[in-house]
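Bear in mind these aren't lab numbers, they're just calculated from the coordinates by the rules spelled out. Keep in mind the model is a prediction, meaning the values are calculated, not measured. With ideal geometry, Cβ positions are generated from the backbone for all residues, glycine too; neighbour counts draw on all protein chains shown.
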């Protein structure tokens with residue numbers, strides 16, 4: 001079968017542009033009520049029965065039989081063996097990537113994650129103390145979607161923040177058990193482990209790890225069991241069951257954003273080789289048929305050139321079928337009036353990944369308000385950011401860059417306000433607080449402030 | 001009726017301490033499925049029908065009839081009139097409080113909310129750009145629970161962050177309409193406005209405001225209507241309907257934490273007048289019968305003294321009934337072995353408000369890991385922090401201080417990673433990225449990196 005990939009060709013001057021643009025962008029996560037109910041049941045069961053429930057669900061869903069949770073725990077020796085078993089080039093690449101990611105997040109911590117205080121003239125101290133979370137859980141999907149780079153991107157900022165313990169969960173389903181429904185016939189079979197993920201656990205410094213997954217793993221982390229320690233926050237991607245479970249345990253623990261399909265938006269002024277930009281669009285499209293690749297450019301001939309490169313390169317790609325479906329269904333090459341308009345459209349989309357493929361990227365960067373990550377200049381392919389440039393690759397999707405941020409050290413820290421009011425400071429502050437508290441009808445608040453005054457006035461509104 | 005308030009008297013050396021402690025702390029937000037379903041229906045309806053649906057729900061739930069949303073919009077003149085109508089002392093207190101809150105949050109922005117970048121030796125630029133949200137919504141509860149101080153605490157950090165527009169919603173139910181079910185008999189009646197809240201809107205700088213509330217107001221802000229602009233984030237407290245609606249729109253917009261009952265924990269070494277500490281416990285208890293006030297102290301005689309002050313002061317308090325119920329049901333005076341143990345117990349609770357009522361508070365502060373706000377020394381009553389010390393009074397409750405932070409400027413900003421890889425930098429990074437991308441089976445990712453290499457190698461795994 002001969003594949004072709006034809007992203008929609010839009011033009012901002014066309015009368016139907018808005019409608020076509022809206023149709024291309026439309027995506028909404030369906031809520032599946034059956035999944036929601038099953039997840040609620042699993043969470044309740046694990047909360048109540050702990051390890052026993054986790055073992056049952058792991059046998060049922062992953063076809064992995066174990067007599068105790070201890071059998072499902074991976075060891076540091078497992079991580080080391082996986083790492084040692086890799087080809088030298090992969091070992092070095094993993095370590096270089098982790099080193100660069102660590103160095104970036106250390107800069108991030110220094111720039112925005114340190115405690116601070118100041119004193120008023122009257123001696124009153126104000127500030128914030130920044131402290132790491134005690135223990136976090138990282139969910140790593142099983143099977144093909146298990147990316148060692150994701151583990152590094154989740155674990156390294158936690159480490160840099162100073163998190164004491166990092167607990168990883170990763171399902172290792174017995175081959176065929178999920179597809180077949182896991183009949184139990186696979187008893188004693190060992191689940192499929194992803195050696196690259198285990199090696200990444202070694203490089204990233206995971207404290208403990210369990211081969212469990214799904215809503216049962218999220219529940220174990222959120223509530224704790226006899227074996228799995230309760231964590232303070234759960235991060236990492238997962239399927240619809242995992243996403244639903246994370247939403248439900250939010251409040252008991254912290255969670256990261258629930259990710260939608262991945263997206264790239266390229267702003268091009270025509271100066272980057274069309275082949276490079278075509279491959280950048282592919283690199284997003286190959287993730288998933290729902291992934292979205294959009295190119296905005298004021299030069300129609302350049303859009304033609306990129307389309308020609310798409311046609312030429314597509315047959316060479318092992319994942320051509322996924323790429324073609326993604327580009328045909330969700331991709332777009334959009335002709336804009338100028339680069340300014342391209343920037344304005346990008347702000348409306350608030351893309352996860354934004355490449356400014358221009359010979360003068362710093363001219364456009366200040367116009368770009370909403371994006372997960374901004375890749376400046378022709379040499380900055382998004383894939384460098386995915387693995388090793390340093391910044392985190394866990395980014396807000398589906399327009400949530402309007403209000404949320406890349407995963408970072410700050411996600412593994414929390415802040416406590418610090419207030420030390422001096423005796424002198426308590427005088428004017430007490431008068432203000434009392435005035436407002438009486439206004440709100442909160443007399444004990446007012447009185448607590450007034451008792452610290454040098455001359456305590458009579459209480460207003462006393463019974 | 002003579003009231004008495006007897007917080008539970010616990011002792012950490014008692015054999016049943018753990019059980020009693022757990023019982024006192026137990027609190028869980030019930031999920032009411034009927035509320036959930038009604039909220040889902042209201043959200044769907046407002047999403048589809050916009051203003052018309054909002055008007056209908058406002059008539060039904062608040063008894064407030066209006067022919068158009070324009071009738072439900074408050075004006076800057078309304079805010080100004082409310083402010084001008086206040087007694088001078090209240091006007092000045094509001095302005096002083098807002099000024100101090102602003103100054104604290106400006107320091108916060110400077111310490112942790114500015115953009116940063118650095119360059120590698122090879123010229124590669126890395127960093128983060130920090131930008132404000134475009135538009136946020138602040139929910140202000142109607143009626144008695146409407147606190148002008150809350151509006152200041154939500155709006156000022158948004159302003160300091162640089163948010164362009166702040167949209168306030170505040171229900172103004174027609175008196176009796178909620179209790180009676182809102183029969184419509186109140187046609188043309190004006191809803192009950194809280195003048196202090198409107199005055200606070202003047203001081204805090206609200207852009208636009210609508211007298212709508214409940215799930216319908218959350219929906220209007222999250223989805224936008226013809227009249228109500230769609231926002232990027234919704235903050236502010238509300239009842240069970242509002243909390244449920246906020247959870248559901250999370251992802252479409254950002255939300256702040258869903259707050260549980262308010263809590264104070266006082267660590268006392270016995271050096272603060274017992275009367276002051278008793279009043280501080282009252283100031284939490286008076287909020288709500290579910291509020292929790294706990295005192296930890298290694299000195300039994302001091303606990304006795306505080307109990308005597310509770311007994312003496314309770315009859316003088318206008319809100320004595322609420323205080324008594326809160327202290328009787330959820331309060332505790334806990335005798336600890338020493339201050340170190342008191343600090344350890346505090347960390348287990350991760351309280352919203354933590355007073356270190358000690359003559360040497362800086363000795364204990366480093367031991368305190370989890371708390372929303374830490375109040376140091378005898379003069380720092382929690383109520384000063386509630387109104388005017390400067391730090392935010394919107395704090396993580398119910399133990400969520402283990403993983404979350406006070407509301408702050410950072411809640412109204414988001415970050416975009418910045419990456420500009422130089423041609424020189426693209427060489428080593430490209431090799432690392434390609435190695436890892438091939439390992440993950442993502443050939444387009446690998447190829448996008450390799451195309452930027454000076455010598456482009458053949459693609460691995462080509463079909």
How do B:225, A:75, A:455, A:316 line up, fewest other C-beta atoms within 10 Å first?
A:455, A:75, A:316, B:225
Distance in Å, no decimals, from the C-alpha centre of segment B:151-166 to the one of segment A:193-266 is 33 Å
Between copies, how far does the label point of residue A:340 sit from its twins, in nm, shortest first, when each point is 7 Å from Cα along Cα→Cβ?
6.7
Theoretical FRET efficiency, 1/(1+(r/R0)^6), r = Cβ-Cβ of residue A:32 and residue A:118, R0 51 Å, to 0.05:
0.50
Counting alpha carbon pairs within less than 8 Å and at least 6 residues apart, what relative contact order, in whole percent, applies to chain A?
21 percent
Quick calc: nm separation of the 7 Å Cα→Cβ label points for residue B:23 and residue A:49 -> 2.9 nm
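Please report the relative contact order for segment B:33-255, taking Cα pairs under 8 Å with a sequence separation of at least 6, and give it as a percent rounded to a whole number.
32 percent
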What are the distances, in nm and sorted shortest first, from the label point of residue B:88 to the label points of the same position in each other copy, with each label point placed 7 Å from Cα along the Cα-to-Cβ direction?
8.4
Between the alpha carbon centres of segment B:443-461 and segment A:347-413 the gap in Å comes to 22 Å
Binning at 10 Å from 0, report for the protein assembly as shown what percent of all alpha-carbon pair distances ends up in each bin.
2, 12, 20, 23, 21, 13, 7, 2, 0
At q = 0.11, 0.13, 0.16, 0.21 Å⁻¹, what base-10 log of I(q)/I(0) does the Debye formula yield for segment B:262-336 when every alpha carbon is treated as an equal point scatterer in vacuo?
-0.22, -0.31, -0.47, -0.81
Determine the relative contact order of segment B:1-105: mean sequence separation of Cα pairs under 8 Å and six or more apart, normalised by residue count, in whole percent.
9 percent
Using a/c under 1.5 as the rounded threshold, could you call segment B:1-69 rounded, prolate or oblate? The axes a ≥ b ≥ c are square roots of the C-alpha gyration tensor eigenvalues, and prolate needs a/b larger than b/c, oblate otherwise.
prolate
Between copies, how far apart are the residue B:195 label points? List them in nm, one decimal, shortest first, with each point 7 Å from Cα toward Cβ, please?
7.8
Rounded to the nearest 500 deg cm²/dmol, what is the calculated helix-only ellipticity per residue at 222 nm for chain A, with -39500 (n - 2.57) per DSSP H run of length n ≥ 4?
-13500 deg cm²/dmol
Could you order peptides A:7-18, B:300-311, A:198-209 by the average number of other Cβ atoms within 10 Å of their residues, highest first?
A:198-209, B:300-311, A:7-18
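Kirkwood Rh, Cα Rg: Rg to Rh for chain B?
Details: Rg = 26.5 Å, Rh = 25.0 Å.
Over the Cα atoms of chain B, Rg/Rh equals 1.06.
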Based on the alpha-carbon gyration tensor of segment B:33-255 and its eigenvalue square roots a ≥ b ≥ c, which shape applies: rounded if a/c is under 1.5, prolate if not and a/b is larger than b/c, or oblate?
oblate
Need one number: nm distance between label points at residue A:165 and residue A:60, each 7 Å from Cα along Cα→Cβ, rounded to one decimal.
2.7 nm
To confirm my reading of the symmetry, which residue of chain A has the Cβ nearest the axis that brings A onto B, and what whole-Å distance does it have?
A:112, 2
Rounded, prolate or oblate for segment A:367-463? Axes are the square roots of the Cα gyration tensor eigenvalues, ordered a ≥ b ≥ c, and the cut-off for rounded is a/c under 1.5.
prolate
Largest to smallest principal axis extent of the C-alpha atoms in segment B:246-381, angstrom
54, 37, 23
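How well do other chains shield peptide B:386-396, expressed as the mean number of their Cβ atoms within 10 Å of each residue Cβ?
6
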Mind putting together the pair-distance distribution for segment A:314-376? All Cα pairs, 5 Å bins, whole percent per bin, short to long.
4, 15, 22, 21, 15, 12, 10, 1
Could you list A:386, A:411 in order of exposure, starting from the residue whose Cβ has the fewest other Cβ atoms within 10 Å?
A:411, A:386
